[in-house]
1. Quick check: pseudo-label points 7 Å beyond the Cα along Cα→Cβ at A:TYR380 and A:ALA46, how many nm apart are they?
2. Can you give the net charge of the other residues whose Cβ lies under 15 Å from the Cβ of B:GLU122, counting K and R as +1 and D and E as -1?
3. Whole-Hz Karplus ³J(HN,Hα) for the range A:399-413, in order, using 6.51 cos²θ - 1.76 cosθ + 1.60 and θ = phi - 60°, x for Gly and Pro?
4. Just to confirm a number: summing +1 for Lys and Arg and -1 for Asp and Glu over residues other than A:ALA159 whose beta-carbon lies under 10 angstrom from that of A:ALA159, what do you get?
5. Exactly which GluC sites (Glu not before Pro) in the range A:363-420 are in a DSSP loop and have at most 15 other Cβ atoms within 10 Å?
6. For chain A, would you read off the P(r) tail past 38 Å as a percentage of all alpha carbon pairs?
7. In Å, what is the Rg of the alpha-carbon atoms in the range A:166-303, and how long is Dmax?
8. Do any trypsin sites (Lys or Arg not before Pro) in the range A:61-131 lie in a loop, going by DSSP, with at most 12 other beta-carbon atoms within 10 Å of their beta carbon, and if so which?
Amino acid sequence: MIALVDCNSFYCSCERVFDPTLVGRPVVVLSNNDGNIIARTSEAKALGIAMGAPAFKIRDLIKWHGVIVRSSNYELYGDMSARVMDCLSDFTDELETYSIDEAFLRVYVGAKDSFADLGREIRGRVLKHTGIPVSVGMAETKTLAKVANYHAKRSEKAAGVLSLVRSAYRDLALARLPVDEVWGVGPRYTEMLRRHGIETALDLRDAPDDWVRDRMTVVGLRTVTELRGTPCIPLEITPPNKKLITVSRSFGAATASLDELRAAIAFYTARAAEKLRRQKLAAGAVTVFIETDRFKPGPQYSNSVTLNVAPKSDNTWELRELAFSGLARIYKPEYDYRRAGVTLGGLELADLVAKRLWEDDWYERQRRLMAAVDRLNGKYGRDTVRCGLFHTEGLWRTRFAKRSPRYTTRWSEICEVAAK
Amino acid sequence: MALPVVPYAARPPSTGDALELPFSLACVPAGFPSPAEDHLENSLDIAKYLVKRPKATFFMRVAGDSMVGAGIHDGDMIVIDRADQVKDGSIVVARLNEEFVVKRYRLIDGRPWLYPANEAYEPIEVTEDTDFEIWGRVTFAITTLR
């Protein structure tokens, strides 16, 4: 059977574990640069705060109801996510980490035991070990486990755990799931399905195969087959190797300065190259892009350029020089930029890249240098050693004005406990 | 009686194309072998001693002197294992209203109490009206000696 374990309001729950003043209060977490609401507790939901709402638009609501606002603290969320996944791996050898706060598990129980009991054990264990509340949905397929999880989260009686395994309630659970909430059904298909009178997951399950295949391809048919209880979407236990590595951010404030853009591009390239080396890959192409702020009035401009890396490289200096020359080609001084990014493509395992015909010694020394840089940064924290001198503070730096301490990853930021 | 020496090239490859060599033959010894080689173990790692369950272990900094009798001083770092069982007498971090506190957890006549380890402070009885929750058991206190 498949269990889908999903953390409740994950980012807010992480904040709550370490800050007792947040218990029982409405809490929201904002996206990069404190732009939009990306997580909210049930108390914040009850106030009518919508997912994705721009923070400045609900300033009055926040003030009036004493909503607690946090910037995103990805170091904390990443560490807590790893702890949750570690707990889950006690229950199975087949775990698919689906996102930062969600995982599919293949689970088994003895003939006399119930899946609901196992679900409660998982929920209890994760809560005790990490402090993070989760919901568990269980069924024969991934798509049905998602359905079960939807109701586990919402039903008071389920109290966070629902098994639809051989359950008499399965049809009811499907009938009570709006079709747009079905895993794999996007907004475009939702509109089409509604036009044809398909409103719920149950309607979709009972649609004829041919009809589904004609309108939603075999991918849609797979979803429908899974709703009927036949597994066709396998667990992805080892994530597929990435085809692209992108690092991009929106800036703290808009800037027209080439120096600022170069500093940002240098930072993003260094991050992307780190990721590249961690996966033992080399890149064959570098793409640079820059954008003005779409949401502000005024002249708009965005452009990107892709340059070949030959021979393929995983070296920060080489990739950055290319990124800089790309930036120089698309940069126009008359615009205020709000976002930039670097994408590495044409990825191949570094060991398979053809040997260099010249500068081989140089490259070998560089390879050892990069390995040393990565090792030092791994040991002493990010950016202990940087390749080159660039302004690390500037308008381009992403803002996290209300970020909580990084309780689990920085000694200087651990919680204080009163002995009084 | 000496065993016959079979040259490696004469041995049939075990699997696939690559000839598998035992690891110890992969490097050619020069000089004298270390007499300790057969006894190599990992060096002692203090982190393994302090952290039994990494996923459930957290660190906090103590502010105040109410636990000095238990060997926990102002400014100490404490190790908390959330997975460890809390019993009568355990030292715990608890959430008391809007604050984390470190106390000794006692069960007296079936009722929970939070005890300090310093006579200058009073024990707190946990009643049904107390907004209280055990966060985890304190397993170590680390004092920096000056």
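1. In this crude spin-label approximation the distance works out to 5.0 nm.
2. Numbers: positive: A:LYS420, B:LYS103, B:ARG104, B:ARG106; negative: B:ASP65, B:GLU119, B:GLU125.
Residues close to B:GLU122 contribute a combined charge of +1.
3. Once rounded to whole Hz, the list reads 8, 9, 5, 10, 6, 6, x, 8, 3, 10, 10, 10, 4, 6, 10.
4. Details: positive: A:ARG120, A:ARG123, A:LYS157; negative: A:GLU156.
Summing Lys/Arg as +1 and Asp/Glu as -1 gives +2.
5. Those satisfying the criteria are A:GLU393.
6. 35
7. Values for the range A:166-303 (Cα only, Rg and Dmax): 22.7, 65 Å.
8. The qualifying sites are A:LYS112.
Throughout, read-outs are computed from the coordinates displayed, never taken from laboratory work. All values reported here derive from a predicted model rather than from experimental measurement. Note: ideal-geometry Cβ built from the backbone for every residue, glycine included; neighbour counts use all protein chains shown.
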